[in-house]
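Participant: Take this structure, written in structure tokens, and hold onto it; I'll ask about it next.
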Amino acid sequence: MAKYSLGIDCGSTTVKGVLFDGEKVVDSRLVATSARPALRMHEVYEKLWNEDVGYVVTTGYGRELLPEANKKVTEITCHAKGAHFLGGSVGGVIDIGGQDSKAILLDKDGNVADFLMNDKCAAGTGRFIEMMCRILECTGEQLDTFSPKGPTVDITSMCTVFAESEIISLLAQDVARDDIALGVIRSICRRTATFASRLPMQGSVFFSGGLARYELFRSHLEAAIGRPVVTHAQSQLCGALGAAILGYRFVK
Amino acid sequence: MELVKDLPAIFEEFSEQRKNAFLRMHELKQQGKPFVGGFCTYLPKELPLAMGACMVGLCSKDGETIPEAEQDLPRNLCPLIKSSYGYAKTDKCPFFYFSDLIVGETTCDGKKKMYEMLAEFKPVHVMELPNSQSPMGKKLFAEEIKKFKEKLESHFETTITEEQIKEAIHKTNEQRKALKAFYGLQKMDPAPMGGLDMHRVLDGVQFRFDMERATEEVKALTQKVIDEYDPEKYRGRKRILLTGSPIGCSTQKVVNAIESNGGVVVCYENCGGARSVDELIDETNPDVYDALAKRYINIPCSCMSPNPGRLELMDRLIDEYKIDGVIEVVLQACHTFNVESYKIKNYVTEKKGVPYMFMETDYSSTDAGQVNTRVGAFIEML
């Protein structure tokens, strides 16, 4: 008698896996995708799979890569499911992923009512932050320690490549690293808010994806959107969890 | 007419039309047949037909010559315009090569400026298309149609009689009726055929130079689809209406994504689909120029301002084809469709209560993965 479902989300940066028992996350994994998404997905599958798993759902851009999957669902639907589970009665979801960002409008049952994707360029995605961290020689974990040192800095270039040269010229003007980082974060949050404002979201918004781990991002996003932004310790697993929740209906 | 081949082979044959048309065009040219090349559906093809010429579509639908076109044209321009210009400039397209006269209309800004450049290496006649469907607009276009007739007469040293125009109107109306009956089959639920197959026929028929024969073939094909209707084939599929900019081979990626994610395209509201085929020309109107002008200016393309006909057409199509979702595909930098999408979205979602998704794309395959995810998520949402 199967009692678990398994959801695997193969994103551009990380592969996430969630083992779900119908009520809570029983076990989870998160590994870097690197250049071998199929192999990494399989590793996550091997680590989480057991004989009690009755259904496997894959999502994310690598969702076609796991032959053992019973079903493939797009990350939009999975993020909506996961956010509804983690965030309760949220009106929408903003996911900032490694290579795209999405805004999802939810109905009162947590189903997708409408969505938008920014998938045309790396601006406003995790890639942008990776670029910034590389130039500023900091790690993601340091993000939350940044605090204003001088006047507010505005990063105006929204092309990742041009923003890179803008940051370099700011460094050359001896602008504090903290202020540059805060400027970058603020510009990403503003851009994301403008993009999400095309959807008529009500109530609070659930923030998912890797960047949701940082309070700095959550608070800047909240300020930019002008409505409560909530997140969860497991928000990075949101897509994989949503996949597992969708799969649980088929566990017998 | 009876078609002996099976359906998949017939659909395939239609999609081969474009390629086969090169050879056929060559043959016809050698027999002395004149060719008129056109771009938009606003071109009254009855006039070239009336003088015994063949019409060929010059809108290019792949990205092969875009790099060459970008030597002269801005990069952030519609791919259809760049590609069409690129094919003309490089002489890679036999349709351009064999066209004795190229006819454009002042539709969108990009196209009308491109025609000016095209005139440097080909004989080009541009019809002034008003951008409003007002009585004044109709009057102007009727005059433009007469001027086009005179241009044909002087360019090809011939005369075109009203009798010949009437005959041509009858022929094109018969083809419109046949095409409407063909794509109208998709009103059946479940759908009898895939949207890709339907598109192959709608596109391919434009490259059959013997219009009456093509009409008979479409009729025979329609009967064959009815005879072989298998309701199980597309049962349970979400019924999609595709609207927006013209769809070509490179934008078929959207149709592929729809049909591999549990949907089926049952209606095309775009050039080559209902937008240009739906309305017939009034054969009882004694003034042929007035009849032509009235019909052509009514085409609800976004280059018209305002463009109420598109909403009226969408309203009817959504009901008749029992549409589950509307997907609008707009080519990069196609301003009129891009801006008009706001009205379309509001109308479709609020007035008709049908989900709508907007997508901007071009002729490259770089966004195939994203297109697939978006379309997949949209169909999951329905």
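Participant: Translational D (Stokes-Einstein, µm²/s) of segment B:247-337 at 20 °C and 1.002 mPa s when Rh comes from the Kirkwood sum over C-alpha pairs?
Facilitator: Rounded, D is 143 µm²/s.
Participant: Still on this structure, I have one more. Can you tell me the orientation of helix A:215-225 relative to chain A, as the angle in degrees between its alpha-carbon axis and the longest Cα principal axis, to the nearest 10?
Facilitator: For A:215-225 against chain A, the angle is about 80 degrees.
Participant: Next up: Identify all aspartates and glutamates with a Cα-Cα distance to B:K5 below 19 Å; exclude those on the same chain that are fewer than 8 residues away in sequence.
Facilitator: Correct list for B:K5: B:E13, B:E16, B:D197, B:E216, B:E217, B:D227, B:E228, B:D230.
Participant: In addition: Starting from 0.36 nm per residue, how many nanometres of slack lie between A:A38 and A:T145 once their C-alpha separation is accounted for?
Facilitator: 35.0 nm
Participant: Over the Cα atoms, compute the radius of gyration (one decimal) and Dmax (the largest Cα-Cα distance, rounded to a whole number) for chain B, in Å.
Facilitator: Cα radius of gyration and Dmax of chain B are 20.0, 59 Å respectively.
Participant: Name the GluC sites (Glu not before Pro) in segment B:175-267 that are in a loop by DSSP and that have at most 15 other C-beta atoms within 10 Å, would you?
Facilitator: Sparse-neighbourhood loop GluC sites (Glu not before Pro): B:E228, B:E232.
Participant: Just to confirm, what accessible area per residue do you get for chain B at 1.4 Å probe, in whole Å²?
Facilitator: Values: 15770 Å² over 382 residues.
On a per-residue basis, 41 Å².
Participant: Can you compute the radius of gyration and Dmax for segment A:60-208, using only the Cα atoms, both in Å?
Facilitator: 17.4, 55
Participant: For segment B:178-253, evaluate the Debye formula with one uniform point scatterer on each Cα (no solvent term) and list log10 I(q)/I(0) at q = 0.13, 0.19, 0.20 Å⁻¹, rounded to two decimals.
Facilitator: -0.43, -0.88, -0.96
Participant: Could you work out, for segment B:292-350, what percent of all Cα-Cα pairs fall into each 10 Å distance bin, beginning at 0 Å and stopping at the bin that holds the largest distance?
Facilitator: In order of increasing distance, the bins hold 20, 51, 27, 2 percent.
Participant: Starting from the amide H of B:C301, placed 1.01 Å from N in the peptide plane, find each other amide H under 5 Å away whose residue is 5 or more places distant or on another chain.
Facilitator: Result for B:C301 returns nothing.
Participant: When DSSP assigns beta bridges and you keep just the ones with both residues in segment B:233-382, what percent turn out antiparallel, to the nearest 5?
Facilitator: Around 0 percent antiparallel, to the nearest 5.
Participant: What distance in nm lies between label points placed 7 Å from Cα along the C-beta direction at A:E130 and B:H170?
Facilitator: If labels sit at A:E130 and B:H170, their model points lie 6.8 nm apart.
Participant: Based on the alpha-carbon gyration tensor of segment A:1-117 and its eigenvalue square roots a ≥ b ≥ c, which shape applies: rounded if a/c is under 1.5, prolate if not and a/b is larger than b/c, or oblate?
Facilitator: oblate
Participant: Still on this model: Along the charge dipole of chain A, pointing to its positive end and built from +1/-1 on Cβ of Lys, Arg, Asp and Glu, which listed residue (A:G239, A:F128, A:N70) has its Cα farthest out?
Facilitator: A:N70
Participant: Right, here's the next one. Would you mind telling me the share, in percent, of accessible area of the protein assembly as shown contributed by carbon and sulfur at probe 1.4 angstrom?
Facilitator: On the protein assembly as shown, the fraction of accessible area on carbon and sulfur atoms equals 51 percent.
Participant: What does the charge count near A:V44 come to, summing +1 for each Lys or Arg and -1 for each Asp or Glu among other residues with Cβ under 14 Å from its Cβ?
Facilitator: +1
Participant: If you don't mind, another one. Quick check: net charge around B:A293, other residues with Cβ under 10 Å of its Cβ, Lys/Arg +1 and Asp/Glu -1? Kindly include the intermediate steps, with their values, before the conclusion.
Facilitator: On the way: positive: B:K138, B:K139, B:K146, B:K294, B:R295; negative: B:E143, B:E144, B:D287, B:D290.
So the environment of B:A293 carries a net charge of +1.
Participant: Roughly how tilted is helix B:368-381, in degrees to the nearest 10 and between 0 and 90, from the longest Cα axis of chain B?
Facilitator: With rounding to tens, the tilt is 50 degrees.
Participant: Which far-off residues, 5 or more places away or on another chain, put their amide H under 5 Å from the one on B:M357, with H placed in the peptide plane?
Facilitator: B:V326, B:I327, B:E328
Participant: DSSP loop (so not H, G, I, E, B), at most 13 other Cβ within 10 Å: list which GluC sites (Glu not before Pro) in segment B:156-211 pass both filters.
Facilitator: Of the GluC sites (Glu not before Pro), the ones in loops of segment B:156-211 whose Cβ has at most 13 other Cβ atoms within 10 Å are B:E157.
Participant: Okay, next question. Hey, which aspartates and glutamates would be in cross-link range of A:K149, C-alpha to C-alpha under 17 Å, not counting anything within fewer than 8 residues on its own chain?
Facilitator: A:D174, A:D178, A:D179
Participant: Give me the base-10 log of I(q)/I(0) for the protein assembly as shown at each q in 0.09 Å⁻¹, Debye formula, one uniform scatterer per Cα, rounded to two decimals.
Facilitator: The Debye formula, applied to the Cα set alone, gives -0.82.
Participant: Which value in Å is the Kirkwood Rh of segment A:156-252 over different Cα pairs?
Facilitator: By the Kirkwood definition, the hydrodynamic radius is 15.5 Å.
Participant: Calculate, for A:A2 and B:D189, the FRET efficiency according to 1/(1 + (r/R0)^6) with r their C-beta to C-beta distance and R0 30 Å; round to the nearest 0.05.
Facilitator: The pair A:A2/B:D189 has a calculated efficiency of 0.25.
Participant: Right, here's the next one. Extending each Cα 7 Å along its Cβ direction at A:S197 and A:E64, get the distance between those two points in nm, one decimal.
Facilitator: 3.8 nm
Participant: Translational diffusion coefficient of chain A at 4 °C, 1.567 mPa s, Stokes-Einstein with Kirkwood Rh over Cα pairs, in µm²/s as a whole number.
Facilitator: 70 µm²/s
Participant: Which FRET efficiency, nearest 0.05, do B:D290 and B:T159 yield, Cβ-Cβ r, R0 22 Å?
Facilitator: That gives a FRET efficiency of 0.60.
Participant: For B:A368 and B:L3, FRET efficiency with R0 = 30 Å and r from the beta-carbon atoms, rounded to 0.05?
Facilitator: 0.35
Participant: Also: Taking every alpha carbon pair in segment B:1-148, what does the distance histogram look like in 10 angstrom bins from 0, in percent?
Facilitator: For segment B:1-148, the binned pair fractions read 10, 35, 33, 18, 4, 0 percent.
Participant: Looking at segment A:98-140, which residues lose a minimum of 10 Å² of accessible area between their chain alone and all protein chains in place, measuring with a 1.4 Å probe and not counting ligands or nucleic acids?
Facilitator: Buried-area filter returns A:V112, A:A113, A:D114, A:F115, A:M117, A:D119, A:K120.
Participant: May I ask you to find the residues of segment B:347-382 that are shielded by at least 10 Å² of accessible area once the whole protein assembly is considered instead of their isolated chain (probe 1.4 Å)?
Facilitator: Flagged in segment B:347-382: B:Y356, B:M357, B:E360, B:D367, B:Q370, B:N372, B:T373, B:R374, B:A377, B:E380, B:M381.
Participant: Could you tally the net charge around B:C54, taking each other residue with its Cβ under 15 Å from the Cβ of B:C54, Lys/Arg +1 and Asp/Glu -1?
Facilitator: Surrounding charge for B:C54 is +3.
Participant: Please say if segment B:84-170 is rounded, prolate or oblate, where rounded means a/c under 1.5 for a ≥ b ≥ c the square roots of the C-alpha gyration tensor eigenvalues, and otherwise the choice is prolate for a/b larger than b/c and oblate otherwise? Spell out each step's value before the answer.
Facilitator: Details: a/c = 2.36, a/b = 1.26, b/c = 1.87.
Oblate, because a/c is 1.5 or more while a/b does not exceed b/c.
Participant: Tell me which lysines have Cα within less than 16 Å of B:K111's Cα, excluding those fewer than 8 residues away on the same chain?
Facilitator: Result set, ordered by chain and number: B:K61, B:K82, B:K89, B:K122.
Participant: Treat each spin label as a single point 7 Å out from the Cα along the C-beta direction, and report the B:F22 to A:I168 distance in nm.
Facilitator: It works out to 4.6 nm between the two label points.
Participant: Right, something else. Return the value, in Å² to the nearest 100, of accessible area buried between chains A and B (probe 1.4 Å, both sides summed). Walk me through the numbers before you get to the answer.
Facilitator: Numbers: alone 11430 and 16370 Å², together 26630 Å².
When A and B are taken together, about 1200 Å² of accessible area is lost.
Participant: Let me ask another. For segment A:1-128, what does the accessible surface come to per residue with a 1.4 Å probe? Please give it in Å². Kindly include the intermediate steps, with their values, before the conclusion.
Facilitator: Values: 5010 Å² over 128 residues.
On a per-residue basis, 39 Å².
Participant: Then there's this: Count the DSSP beta bridges whose two residues both fall in the protein assembly as shown, then state the antiparallel fraction as a percent rounded to the nearest 5. It would help to have the intermediate numbers written out before the result.
Facilitator: On the way: 24 of 66 bridges.
Beta bridges within the protein assembly as shown, antiparallel portion: roughly 35 percent.
Participant: Further question on the same structure: Using amide H atoms built 1.01 Å from N in the peptide plane, name the residues 5+ places from B:E64, or on other chains, whose amide H lies under 5 Å from its own.
Facilitator: The answer is none.
Participant: Okay, next question. Classify segment B:148-192: rounded, prolate or oblate, from the alpha-carbon gyration tensor (a ≥ b ≥ c, eigenvalue square roots; a/c under 1.5 rounded; otherwise prolate if a/b is larger than b/c)? Display every interim value, and only then the final one.
Facilitator: Working: a/c = 6.67, a/b = 3.53, b/c = 1.89.
Here segment B:148-192 falls in the prolate category.
Participant: Hey, another quick one. I'd like the distance separating the alpha-carbon centroids of segment B:171-215 and segment B:105-119, in whole Å.
Facilitator: 29 Å
Participant: A follow-up question, please. Sketch the reach of a paramagnetic label on B:A220 as a point 7 Å from Cα along Cα-to-Cβ, and name the residues of segment B:1-36 whose backbone nitrogen lies under 15 Å away.
Facilitator: What the label zone holds, given the 15 Å backbone N cut-off, is B:1-14.
Participant: If you don't mind, there's one more thing I want to ask. If I fit a long axis through the Cα atoms of helix A:126-136 and take the longest principal axis of the Cα atoms of chain A, what angle between them do I get, 0 to 90°, rounded to 10?
Facilitator: Between the helix axis and the principal axis of chain A, the angle is about 40 degrees.
Participant: Okay, moving on. In whole percent, what relative contact order does segment A:111-197 give with Cα contacts below 8 Å and a gap of six or more residues? Show your work: numbers first, answer last.
Facilitator: Numbers: 72 pairs, mean separation 33.3, N = 87.
Dividing the mean separation by the residue count of segment A:111-197 yields 38 percent.
Participant: While we're here: Per 0.36 nm of contour for each residue apart, how much would the distance between B:E128 and B:V339 grow if the chain were fully extended, relative to their Cα-Cα spacing?
Facilitator: 73.7 nm
The values are calculated or read from the model by the stated rules, or taken from the named source; none is laboratory data. This structure is a prediction, so every number in the text was calculated from the model and none was measured. Here the Cβ is made from the backbone with ideal geometry for all residues, glycine too, and neighbour counts use every protein chain on show. Accessible surface areas use protein heavy atoms only, side chains included; no ligands, DNA or RNA. Shrake-Rupley method; radii C 1.70, N 1.55, O 1.52, S 1.80 Å.
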